[in-house]
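Data block below; observations after.
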Amino acid sequence: MWEKVYLAGTDWDQLEAVDEIDWDFEHLDEALSTGGVLSSDKVYLFGSTEPQLLDMNFDDEAVDESDGAAVRAAAQRKKMAARQADADAYVQERAAKRSRANSGKAVERTKKKAAAAEEEPPSQTTVGEDVQSAGGGAGVLLEQTSTVIPIPVIVAVVSKRPPPETVAITSVQRSSEELVPMAKLKMGWHPLLRKDARVMPKQPRVFVLKCEQRRARLRNMTENDVKTYEYVLPYVFLPEGEAAAAADEVDTEVTVTWEKPDGKTTMFPYDWEMDDDVDEFVEAKMKDEELEGDAIATSMAAAITAEVKATKERYRAEKLARKQRIEAMPAEELESLRTMKLIKFYPQNTKPDVSKMKTAFCNRYYGKAKQVF
């Protein structure tokens, strides 16, 4: 069932990497079945991936042929082992070539030295060091059995009303977030048809986030449009809780842009709570920059003051807008958001084992899950 859920914010190439492992989400199926923790409420599922360094060196073990999951897992282990063996062979071959090349160069250097000074014995140090370096480097790579794997996770949103059909596009490269309708990216909440069901129920209870963008169309899209899918986060506006509190937090550090006397623009941080007052900060800054003059000090102080003022005004405006938005919400919508519950599911594979890498955090908008399996 988990494979029907779109893993939002995952690179397209990484989605293929996810499919290379037979992830076990049987506990999610059980949770949605009769008697499970998600068996009675309306549930909305969305997914993501969490890259982690995992040990892929699985020892050979007996496999119960009647256990389909165990057989698939064993086949996957063999596939990963074969891939690792190919990589090891490639590294070993490259190391051998480097060793031969370095040895040849060392011999040539030795011949030249001998011709220049016949009394000087040929030096083997360079050869030994080169061979050791190539062999040692290969040894480190050959012993490496861990690799970064995108771990799929599924978040179950238990809610009386559907979550917003909106996603946020945000990244380090973007200066601000952008809220976009899911339909614009061919995404949306779709009713889930269970494996044992032949027809869709009139009132479906479980919905999954799907993306119907075809990979074949990616080649006709701009790089920026393709990257958009990698920065997507399911969005919700929560009036209370940790995510709401985080939205009200104020970052007291600003980035000040100031034009120096030579006409060049410089940028520097200033924290209005942690740093000295503006005059003292400017005095220390000018000393570090080896600048002098009252006019320069006044100009720098003005730039700092203006940036701090603009930032505080923006925070006040955002807080007021948030308050007004909550006050304007219908009672049913407000109650649904306040009672919304999140349950997060990790794969329960033992190989690779991800049990020590679990976290309750879902994303910056939904906050943390109440339960993690």
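Starting from the alpha-carbon convex hull of segment 253-325, give the projected area averaged over all orientations, in nm². Don't skip to the answer; put the middle values down first.
Details: hull surface 21.5 nm².
Approximately 5.4 nm², given one-decimal rounding.
Multiply the residue separation of Ala321 and Ala17 by 0.36 nm, subtract the distance between their alpha-carbon atoms, and state the gained length in nm to one decimal. Display every interim value, and only then the final one.
Working: separation 304, 0.36 × 304 = 109.44 nm, distance 4.17 nm.
Answer, rounded to one decimal: 105.3 nm.
Can you list residues from other chains, or at least 5 along the same chain, whose modelled amide H is less than 5 Å from the amide H of Phe361?
Ala369
Can you give me the distance in nm between label points at Ser336 and Glu313, each placed 7 Å from the Cα along the Cα-to-Cβ direction?
Distance between the two pseudo-spin positions: 3.7 nm.
Give the long-range amide H neighbours of Val232: residues separated by 5 or more places, or on another chain, with amide H under 5 Å away, using H modelled in the peptide plane at 1.01 Å from N.
Under 5 Å from the amide H of Val232 lie the amide H atoms of Gly9, each far enough along the sequence or on another chain.
With unit charges on the beta carbons (Lys and Arg positive, Asp and Glu negative) and the dipole taken about the Cα centre of segment 253-325, which residue among Val308, Gly293, Leu320 sits farthest to the positive side?
Checking the options against the dipole of segment 253-325, the answer is Leu320.
Which residues in segment 352-373 place their backbone N less than 12 Å from a point set 7 Å from the Cα of Asp55 along the Cα-to-Cβ direction?
352-354
With θ set to phi - 60° and the Karplus curve 6.51 cos²θ - 1.76 cosθ + 1.60, what are the ³J(HN,Hα) couplings of segment 360-373 in order, to the nearest whole Hz, using x for Gly and Pro?
After applying 6.51 cos²θ - 1.76 cosθ + 1.60, I find 7, 5, 9, 6, 5, 9, 7, x, 9, 7, 6, 9, 10, 10 Hz.
Measure up Lys319/Lys358; Lys42/Lys356; Lys312/Lys341; Lys4/Lys42 against 25 Å on the Cα-Cα distance and list the ones that go over.
Numbers: Lys319/Lys358 32 Å; Lys42/Lys356 30 Å; Lys312/Lys341 33 Å; Lys4/Lys42 17 Å.
Over 25 Å Cα-Cα: Lys319/Lys358; Lys42/Lys356; Lys312/Lys341.
Taking θ = phi - 60°, what integer Hz values does the Karplus form 6.51 cos²θ - 1.76 cosθ + 1.60 yield along segment 300-313, in sequence order, with x for Gly and Pro?
5, 4, 5, 5, 5, 4, 5, 5, 5, 4, 4, 5, 5, 5
Quick one: which residues, 5 or more positions from Phe373 or on another chain, have an amide H under 5 Å from its amide H? H modelled 1.01 Å from N in the peptide plane, none for Pro or chain starts.
Result for Phe373 returns Lys344, Phe345, Tyr346.
No value in this document is a laboratory result; all are computed from the given coordinates. Every value quoted in this text rests on a predicted model; they were computed, and no experiment measured them. Neighbour counts are summed over all protein chains in view; Cβ atoms, including those assigned to glycine, are modelled from backbone coordinates with ideal geometry.
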